[in-house]
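Have a look at the structure below before the remarks.
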Amino acid sequence: MSKQVRLIGFPSDLGAGRRGVDMGPSALRIAGIAAAVEALGHRVSDDGDIPVRGQEVQRIVNPRLKYLPEIVRASRLLAGRVATALHEGAFPIVLGGDHSLGIGSVAGASSYCRDTGKRLGVIWIDAHADMNTPETTPSGNIHGMPLAVAMGFGTQRLISIAGFGPKVAPEHVALIGVRSVDPGERDLIARLPMLTYPMPEVDKRGIHTVVEEVLDRFRRTVDHVHVSFDLDSVDPSLAPGVGTPVSGGLTFREAHLAMEILAESGMIGSLDVAEVNPILDVRNATALFAVEIVASLLGKRIL
C-alpha cells in the first residue's frame, strides 16, 4: 500500500563520543532516500531538520549526562514532530544523527499511541544495548541510554519527555543484533521481560526465526511497532561510517531479510535510521546502504 512518508532530520552528535554524525541526515538525503522511497510508489515530504545546537557552543554540566539540556530540548521537538506525523496519517522516518534520537522518536510514537488507544512495540536493531543509565554509563554519552529511557530507567528529565513515562513496557521491546554490552546494561536486561537476541543467537537460529518470533509476540500484544535501526548493527565492512563499529554484525542479506519480513507483517508504523557518520564513511557507502535498508522496509523486493 502507498504510504505518505515524512522525513524528519535529527542532526545531533551531542549524544555521541565522536564528531560528525550530525551530518548523517544530509548524507542520507544526498544518498537519495526521498527518490528511493518515491520509486516504490510512496509519497514523500521532507520536514527538514530539528534545530540542534552544536557541541562547540555548549558546555558539559554533568559528565554523566553530557549535553543533557539540549538533548532534552531537541528530543521534545522531535517527539512532537513524530506524533504530529502519525496523527496526520504519515509514516515518519527519523534521520540521524546519533541514537539519542530514539528518546524523542519513541516518545512521539508512544504519545500517538496513548492518544489513539494503541499499544506500542519497539524493535531496536543495534550492536549496542543502549540501556545504560547515569549510574552505569562508562562514558556519559546519552546515545548509550535511549532504550533504557524508553522503558523508564534513567534521569527523569529524559523519561518525562512528552509529559509521561515510561514510553514502552519491557515486554513490548525486542533488541536484535546486540554484541557489545556494558556490565550495568547486562544486569538491567537480566531483570526485564524484554526479548533480547545477541548476535550468537542470531547466528545459531537465523534472522528469519528471530524476527518471526518477535512478530509472533507483537501480533498478540501491540498495535503499532516502531523500528529503531542503528547502522552499527551491520558489519563494519558494509557500514564503515559509524562512530562505534563492532565486528561480527549482520550481513547484507540478514539486514535486508529482517526488513523484508517486517515489511510483510504490515505492523511497522515508524522508523529511525541512526548513527550515519559521513566523516568516517567511504564514498557515502553507509548512507547508501541505509537507503537500501529503508527501501526494503517499505516494500522493495527482488521480484
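What follows draws every value from the coordinates through simple rules; no lab data is involved. What you see is a predicted model, and the numbers here were worked out from it, not measured in a lab. Counting neighbours? That spans all protein chains shown, and the Cβs are built from the backbone with ideal geometry, glycine included.
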### Task
Just tell me which lysines come within less than 28 Å, Cα to Cα, of LYS167; anything on the same chain fewer than 8 places away is out.
LYS3, LYS66, LYS118
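Contact order normalised by length for segment 184-303, with contacts defined as Cα pairs under 8 Å and 6 or more residues apart; what percent is it?
Values: 139 pairs, mean separation 34.2, N = 120.
Result for segment 184-303 is 29 percent.
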### Whole-number percent relative contact order across segment 1-144, with pairs defined as alpha carbons under 8 Å at least 6 apart
35
### Message
Please report the spacing between the Cα centers of segment 9-87 and segment 178-247 in Å, no decimals.
### Response
22
### Dipole-positive endmost among SER105, ILE189, THR136 within the chain (Cβ charges, Cα centre)
SER105
### Packing-based exposure ordering (other Cβ within 10 Å, fewest first) of THR251, THR244, THR155
THR251, THR155, THR244
### Query
Using Cα pairs under 8 angstrom and six or more residues apart, how large is the relative contact order of the chain, in percent?
23
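Within 10 Å of each residue's Cβ, count the other Cβ atoms and sort HIS208, HIS172, HIS99 from fewest upward.
On the way: HIS208 13, HIS172 20, HIS99 34.
Arranged by neighbour count, lowest to highest, HIS208, HIS172, HIS99 become HIS208, HIS172, HIS99.
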### Query
Mind listing the Cα extents of the chain along all three principal axes, in Å, largest one first?
53, 41, 39
### Query
Which net charge results when you count Lys and Arg as +1 and Asp and Glu as -1 among the other residues whose beta-carbon is under 11 Å from that of GLY140?
+2
#### Entry: Computed magnitude of the charge dipole of the chain (debye, nearest 20; Cβ of K, R +1, Cβ of D, E -1)
560
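What is the fewest-to-most order of PHE229, PHE218 by other Cβ atoms lying within 10 Å of their Cβ? Let's see the in-between values first.
Numbers: PHE229 27, PHE218 21.
Listing PHE229, PHE218 from fewest to most nearby Cβ atoms yields PHE218, PHE229.
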### Summary
Per the helix-only model, the chain has a calculated mean residue ellipticity at 222 nm (DSSP H runs of ≥4, -39500 (n - 2.57) each, divided over all residues, rounded to the nearest 500) of -11500 deg cm²/dmol
